[in-house]
Amino acid sequence: MNTDNKLTQVFKSNRLLLIVAAVYLAVLVTSPEMAFKSMSNSMYYLKEMLIIMPVIFLLTVVIEALVPRDVIVRSFGEKSGVKGNILALILGSISAGPVYAAFPVSKMLLAKGASIGNIVIVLSAWAVVKLPMLANEARFLGVNFMVVRWILTVVAIFIMALVVGKAVKKKDLPAEPELMTGKSPALSVNDSCIGCGLCARVAPEYFVMQDKKADVIKQPRLSDDQTSVQQSVDKCPVQAIEFKQKNAS
């Protein structure tokens with residue numbers, strides 16, 4: 001029974017990889033020539049990723065270490081407004097590399113307080129309105145085509161950011177694996193929150209105001225200094241913050 005559970009867990013953790021492998025196997029049986037071409041293309045992109053991704057991960061580590069969280073919150077956070085939207089558009093537009101390189105950067109920005117809407121803008125701009133791409137577009141299709149297409153695309157990006165920002169909350173995103181195992185503090189805000197914003201001011205690394213309510217954006221790790229978290233618990237006027245030790249299963 002335990003073996004069956006382990007196999008089920010392995011399948012769930014790697015189901016996308018297993019589905020892709022099954023598709024490749026089916027194509028190999030039905031059309032070997034197409035399968036070999038597909039695998040050749042996949043190997044090309046895999047090689048490209050192995051070259052690019054270490055550089056991107058190094059960049060995110062440098063940014064995370066050198067750029068204070070309050071700078072990210074002011075520039076790309078929930079209250080950054082139109083300024084944050086424009087900065088996100090600029091960041092995505094001047095970035096280099098394929099769009100998959102934007103994912104670790106976006107995850108780091110989210111962890112440091114960027115809003116989901118601005119992350120949508122960064123990803124979308126990175127994918128379709130990067131400056132080198134615009135230059136080539138103007139060269140081959142003309143400046144008028146490029147400008148009109150850019151305007152319509154940016155409008156669509158901003159609308160999409162607004163919709164996704166309303167529909168998806170940070171608490172809906174996958175949690176860090178480290179926080180799901182072992183002993184780690186559990187931090188949450190219950191329904192009695194009155195939206196005073198005190199916790200977000202005392203511990204902005206862990207709380208953000210969303211829809212006039214406090215929301216947890218990061219779980220403290222065992223190695224963290226948890227003073228600010230405890231202060232937010234103690235100062236909450238309605239005791240809406242719950243901070244407890246999660247026992248290992």
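The values are calculated or read from the model by the stated rules, or taken from the named source; none is laboratory data. A quick note: this is a predicted structure, and the numbers were derived from the prediction, not measured. Positions of Cβ are generated from backbone atoms using ideal geometry, with glycine treated the same way; all protein chains shown enter the neighbour counts. Accessible surface areas use protein heavy atoms only, side chains included; no ligands, DNA or RNA. Shrake-Rupley method; radii C 1.70, N 1.55, O 1.52, S 1.80 Å.
Total residues in the stretch 218-232 satisfying the condition of being among the aliphatic types (A, V, I, L, M) and open to solvent by less than 30 Å² (accessible area, probe 1.4 Å): the figure is 1. Scanning the stretch 64-87 for residues that are under 15 Å from the mean Cα position of the chain (by Cα) and assigned to a helix (DSSP H, G or I) yields GLU64, ILE72, VAL73, PHE76. When SER42 is tested against (1) part of a helix (DSSP H, G or I); (2) within 19 Å of ALA161 (Cα to Cα), just one condition goes unmet, and that condition is (2).
Out of the stretch 158-184, which residues are of a type outside the set (A, V, I, L, M), at pLDDT below 95 and assigned to a helix (DSSP H, G or I)?
GLY165, LYS166, LYS170, LYS171, ASP172, PRO177, GLU178 - these are the residues of the stretch 158-184 that are of a type outside the set (A, V, I, L, M), at pLDDT below 95 and assigned to a helix (DSSP H, G or I).
Does any residue of the stretch 200-222 turn out to be modelled with pLDDT of 85 or more and more than 25 Å from the chain's Cα centre (by Cα)? Within the stretch 200-222 (the criterion being modelled with pLDDT of 85 or more and more than 25 Å from the chain's Cα centre (by Cα)), the answer is no, since none of the residues qualifies.
LEU187 passes every criterion in (1) in a strand (DSSP E or B); (2) open to solvent by 60 Å² or more (accessible area, probe 1.4 Å); (3) not acidic (Asp, Glu) apart from (2). At pLDDT 95 or above, open to solvent by less than 60 Å² (accessible area, probe 1.4 Å), among the hydroxyl-bearing types (Ser, Thr, Tyr) and farther than 30 Å from GLN239 by Cα - does that describe any residue in the stretch 143-157? Checking the stretch 143-157: at least one residue is at pLDDT 95 or above, open to solvent by less than 60 Å² (accessible area, probe 1.4 Å), among the hydroxyl-bearing types (Ser, Thr, Tyr) and farther than 30 Å from GLN239 by Cα. Hey, can you tell me all the residues within the stretch 131-162 that are of a type in the set (Phe, Trp, Tyr) and within 28 Å of PHE76 (Cβ to Cβ)? Hits for the stretch 131-162 are TRP150, PHE158.
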